Structure formats: C-alpha cells, structure tokens
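Novice: Structure below; questions to follow.
The values are calculated or read from the model by the stated rules, or taken from the named source; none is laboratory data. This is a predicted model, so every value here is computed, not measured. Neighbour counts are summed over all protein chains in view; Cβ atoms, including those assigned to glycine, are modelled from backbone coordinates with ideal geometry. Please note that ligands, DNA and RNA were not included when accessible areas were found on the heavy atoms of the full protein model with its side chains. Shrake-Rupley method; radii C 1.70, N 1.55, O 1.52, S 1.80 Å.
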Amino acid sequence: MPLKADPKGGGSNADGSLSQEYCSYCYVNGAFVNPDMSMEEMKALVVEKLRERGFPKFVASFFASGLGRLKRWKQA
C-alpha cells in the first residue's frame, strides 16, 4: 500500500518510529504481521484495503503490482 494512502502513515519500527518502507497493515513494532504471507496474498490484501478507502480497482491493482520492489519480497 502506498504510505500516503495508509491511514496511519506507515507501519511502526521496533523503536516506535514510523516505517518509511512498510504500511501499518503489514509491519508493526519492527516485525511483519503475517511473516508467512505470500506476495500474492499480500497483493490481494492491498487491493482490498485500497478498495475500502475508495480507490478504483485498477488503481488499487496498480499499486499492488509494485510489491515485488519491496525488500521483503526481494529476499524471498
């Protein structure tokens, strides 16, 4: 999810600071909420959350397509 669309502005690092890389739906207190979630499952979650916030499906799908560029998925 784009951090600008995240209602919390991003996830939280272990020190409580705002993550500049991950959203609040997947990253809390410096750890992934669902560490075993596949990229395809995460894409579905991103689309769902963006749709809930009023984004058109094609825009939500576009944002979700960028997940492969995140460090989390490059390590997998």
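Novice: For helix 39-52, report the angle its Cα long axis makes with the longest principal axis of the Cα atoms of the chain; keep it between 0 and 90° and round to the nearest 10°.
Specialist: 70
Novice: While we're looking at this one, here's another question. To the nearest 10 Å², what's E48's accessible area with a 1.4 Å probe?
Specialist: Ignoring ligands and nucleic acids, E48 comes out at about 90 Å².
Novice: Sort 61-68, 32-39 by packing, meaning the average of other beta carbons within 10 Å per residue, with the highest value first.
Specialist: Top of the packing list down: 61-68, 32-39.
Novice: Helix-only mean residue ellipticity at 222 nm, the chain, DSSP H runs n ≥ 4 weighted -39,500 (n - 2.57), per residue, nearest 500. What is it?
Specialist: Dividing the helical sum by the residues of the chain leaves -9500 deg cm²/dmol.
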